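Notes to accompany the following structure.
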Amino acid sequence: MRDRSNIVDLALAFAATFVITLAVWPRDAPRQIVRCQLSDQGWKTYSIAIDDPSLDELKRKVRTWSMPESHPEYVTAKWQKEVAEFYEKSRPSRGKNDSVPRPVKRQTRRPMTATISDTVTTASYEMEIGDPAETIQQAAYAEPLDPITDQPETSPVDTNYWSTVKASAVASMEAVKARSANVPVVFEKVTPASWPQLAFHFAFLLGIAAACGYMHWLRHAPLRDGTSFGEQPIGVLARIGTFCGAIVVAMLSAVAVWV
């Protein structure tokens, strides 16, 4: 019975030291579980600390990958699609004549009135004017355009060309959207802060050392039978006080760690 109580004391000494060591050991930061699809190795799982700058960079790249507008191929294809739609809907404008009329130079021009002074000579000329509408047309150097109602929007060749350009652009846009939807990186749950493996090894070794030390102390300061607690030797009282104090600290550490 006495040996059994000693074994219990040794187990308690080990457990108390183990818990106290984990309580004072600094824990690692929470970690993000990331699954990446590699071309030659398939899916692989990684664990990255949430305060690691590489994790923020990876998230930024995933956001960029998920937005089709950030891909140059998508932007180019969208521009081609808009150009093709513009030319499909546009109609060529034509005037009545291909050549631009110019004012007619008249050969016979004669001065009507003239006065001569010391510094300035003034003169006026007379020019025959025909149709006023024709005169305005010549002065503007342009020919008014009539609305074209029976003109086809585009020729068959142009229609086929721009339709092909539009179809190719739409296919490229859909391919980029499909690729953006299938991101080869998946962010899974965030694991809480935990201790590194070295902490458990170190706590185990300290627990063994504490149990061995307590056993050695127990042999050198055994409890005296038939003697009251107040009459026990100083070594026994120190051992019992240290043991009880370690148990109390271990319980408080357990509450701080797991609650």
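The values are calculated or read from the model by the stated rules, or taken from the named source; none is laboratory data. Just so you know, these numbers come straight off a predicted model, no measurement behind them. Methodologically, a virtual Cβ is constructed for each residue, glycine included, from the backbone with ideal geometry; neighbour enumeration extends over all protein chains shown. Remember, those area values only see protein heavy atoms, side chains included, never the ligands or the DNA or RNA. Shrake-Rupley method; radii C 1.70, N 1.55, O 1.52, S 1.80 Å.
With both labels modelled 7 Å from their Cα along Cα-to-Cβ, the K89 to A256 distance reads 7.1 nm. For T227, the accessible area of its heavy atoms, probed at 1.4 Å with every protein chain present, is near 50 square angstrom.
Show C36, C212 ordered by accessible area, largest first, where the area counts protein heavy atoms only and the probe is 1.4 Å.
Working: C36 25, C212 70 Å².
So the residues, ranked largest to smallest area, are C212, C36.
Report, in listed order, any pair from K44/K78; K89/K166; K61/K177; K59/K189; K44/K189 with a Cα-Cα distance greater than 23 Å. From K44/K78; K89/K166; K61/K177; K59/K189; K44/K189, over 23 Å: K44/K78. Semi-axis lengths, largest first, of the ellipsoid equivalent to the stretch 157-222 are 76, 7, 4 Å, with √(5λ) applied to each eigenvalue of the Cα gyration tensor. With a simple spin-label model that places each label point 7 Å from the Cα along the Cα-to-Cβ direction, the separation between V62 and Q197 comes to 2.6 nm.
Within the stretch 194-252, report the trypsin sites (Lys or Arg not before Pro) that DSSP leaves as loop and that have at most 15 other Cβ atoms within 10 Å. Don't skip to the end; give the middle numbers.
On the way: sites: R219, R224, R239; in loops: R224.
Within the stretch 194-252, the qualifying trypsin sites (Lys or Arg not before Pro) (loop, at most 15 other Cβ atoms within 10 Å) are R224.
Rank M251, M67, M215 by accessible area, highest first, at a 1.4 Å probe radius? Write down the numbers at each step before the final one.
Numbers: M251 125, M67 100, M215 70 Å².
The ranking, largest first, comes out as M251, M67, M215.
Taking 7 Å steps out from each Cα toward its Cβ at L223 and D52 produces label points 5.2 nm apart.
Rounded to the nearest percent, how much of the accessible area of the stretch 159-212 (1.4 Å probe, protein heavy atoms only) is carbon and sulfur? Numbers along the way, then the final one.
Working: 2300 of 3370 Å².
Carbon and sulfur: 68 percent of the exposed surface of the stretch 159-212.
Under 1.5 on a/c is rounded, so check that first for the stretch 14-94, then, if it is not, pick prolate when a/b is larger than b/c and oblate when it is not; a ≥ b ≥ c are the square roots of the alpha carbon gyration tensor eigenvalues. Verdict is prolate for the stretch 14-94. The candidates W79, W217, arranged from most to least accessible area with a 1.4 Å probe in the full protein assembly, appear as W79, W217.
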